[in-house]
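Written out below as structure tokens is the structure these notes cover.
The values are calculated or read from the model by the stated rules, or taken from the named source; none is laboratory data. Remember, it's a predicted structure, so these values are computed and weren't measured experimentally. Cβ atoms come from the backbone with ideal geometry, glycine included; neighbour counts cover every protein chain shown. Only protein heavy atoms, including side chains, enter the accessible area calculation; ligands, DNA and RNA are left aside. Shrake-Rupley method; radii C 1.70, N 1.55, O 1.52, S 1.80 Å.
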Amino acid sequence: MKMVFYAIAAAMIAVALAVLLLPLVRQGRRSGRSRGVFVLTLAIALVLPLAAGWLYLEVGTPVAINGAATQTGMPLTMQQAVSQLRAHLAEKPDDLQAWTLLAQTSAMLHNTDDARDAYEHILKLDPNNVDAMVGWAEADAMLKSDHVIGDRAVALLKHAVQLQPDSQRGLWLLGTSEFQQGNYSGAAATWRLLAPQLEPGSEVAKAVAEQISQADARAGGAPAEAASTHAAAATTQEAALQVQVSLASDLKAKLAPGDTLFIFARPVSGPPMPLAVTRLEANQLPTKVTLTDAMAMTPALKLSSVAQVFVGARISHSGQPIAQPGDLEGNAGIVDVARKTPVAILIDKVH
């Protein structure tokens with residue numbers, strides 16, 4: 001299921017990049033250092049549409065961008081371009097466009113902490129920047145193991161929606177925060193402001209309508225815990241992916257006491273927030289689990305809402321769900337949610 005803010009982000013970022021491209025292209029013609037900014041802009045302009053317009057490509061770091069070159073003719077990787085962008089910001093810390101580009105790029109590269117930091121800089125320069133408020137709120141939630149939208153994020157989302165009442169991403173996230181807090185009537189009311197802006201009959205509109213129905217049902221008197229248990233029991237039957245995970249023999253020496261194993265399924269084209277995820281002790285490998293809708297991070301993002309998912313596993317040395325250098329990972333690629341046979345994953349790479 002392509003939820004509201006996934007689809008909307010594509011259009012928002014396309015517009016933002018259109019604004020960024022011209023001045024940064026001009027900078028790229030003036031100096032070698034700014035050429036890194038120029039190449040990075042082109043890379044993002046090409047990569048984002050191919051990734052359905054959202055900020056995340058895969059769980060991991062993209063490889064070098066083919067065709068992008070420095071003045072020496074050698075390929076310039078995305079990470080090198082980011083380094084040059086940071087060097088540019090070190091000299092010009094008030095460059096709002098460059099901070100915006102860094103925020104979007106960091107999110108795309110799954111560097112959520114850096115993305116939040118960049119959005120923080122944008123808000124210092126432009127406190128009423130709606131995109132930065134929404135971006136900061138989302139990045140902050142993604143950095144938490146439970147993905148709960150915190151107090152400051154809620155305040156930013158409320159301010160963003162006040163400034164821009166038709167902010168679809170802002171409305172979606174604000175409604176999600178209300179749902180997380182058990183304010184189901186408030187969530188339904190917020191999402192009802194979003195619903196008229198969506199194309200009638202579209203998957204996004206249907207998904208929002210479903211969430212409004214769920215919020216209404218919970219607000220109608222059924223205890224939240226009982227409703228949640230009933231929904232989990234029902235949806236567990238709707239979608240269940242069996243996943244078998246093992247660790248490559250040449251990586252077993254890198255396994256450390258206390259390491260955490262995350263096994264997850266996420267949308268093929270979407271954000272990193274899993275549709276289903278489970279957390280285990282890494283010393284349980286090899287292991288077999290069943291991913292279900294009951295393992296969703298939020299009711300809006302669940303396994304049964306899509307036809308295909310990207311299934312992966314990661315051994316985290318830090319215990320955090322966000323990938324860190326040195327983490328061990330592997331994936332089964334894209335699989336059908338309706339698949340009945342086990343999905344095999346071999347953890348065979350170092351992040």
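Residues of segment 292-351: accessible area per residue at 1.4 Å, in Å²?
Details: 2370 Å² over 60 residues.
Result: 40 Å² per residue.
Quick one: if the Förster radius is 25 Å, what FRET efficiency do Ala189 and Lys144 give, using the C-beta to C-beta distance and rounding to 0.05?
Values: r = 25 Å, r/R0 = 1.00.
The computed FRET efficiency comes out at 0.50.
When you count the other C-beta atoms within 10 angstrom of each residue and take the mean per peptide, 101-114, 318-331 line up highest first as 101-114, 318-331.
Close amide H pairs (under 5 Å, H built 1.01 Å from N) link Lys349 with Glu329, residues at least 5 positions away or on another chain.
Full extension of the segment from Glu203 to Thr341, taken as 0.36 nm per residue of separation minus the current Cα-Cα distance, would add 46.9 nm.
Within the shell defined by Cβ-Cβ distances under 12 Å, the residues around Val130 carry a net charge of -1, with Lys and Arg each +1 and Asp and Glu each -1. If R0 equals 51 Å, the separation of the Cβ atoms of Asn128 and Ile334 corresponds to a calculated FRET efficiency of about 0.80. Most tightly packed first, judged by the mean number of other beta-carbon atoms within 10 Å of their residues, the peptides 240-253, 176-189 read 176-189, 240-253.
Sorted from longest to shortest, the spans of the Cα atoms of segment 107-194 along the three principal axes equal 34, 29, 21 Å. Rolling a 1.4 Å probe over the protein heavy atoms of segment 91-140, with every protein chain left in place, gives an accessible area that is 42 percent carbon and sulfur.
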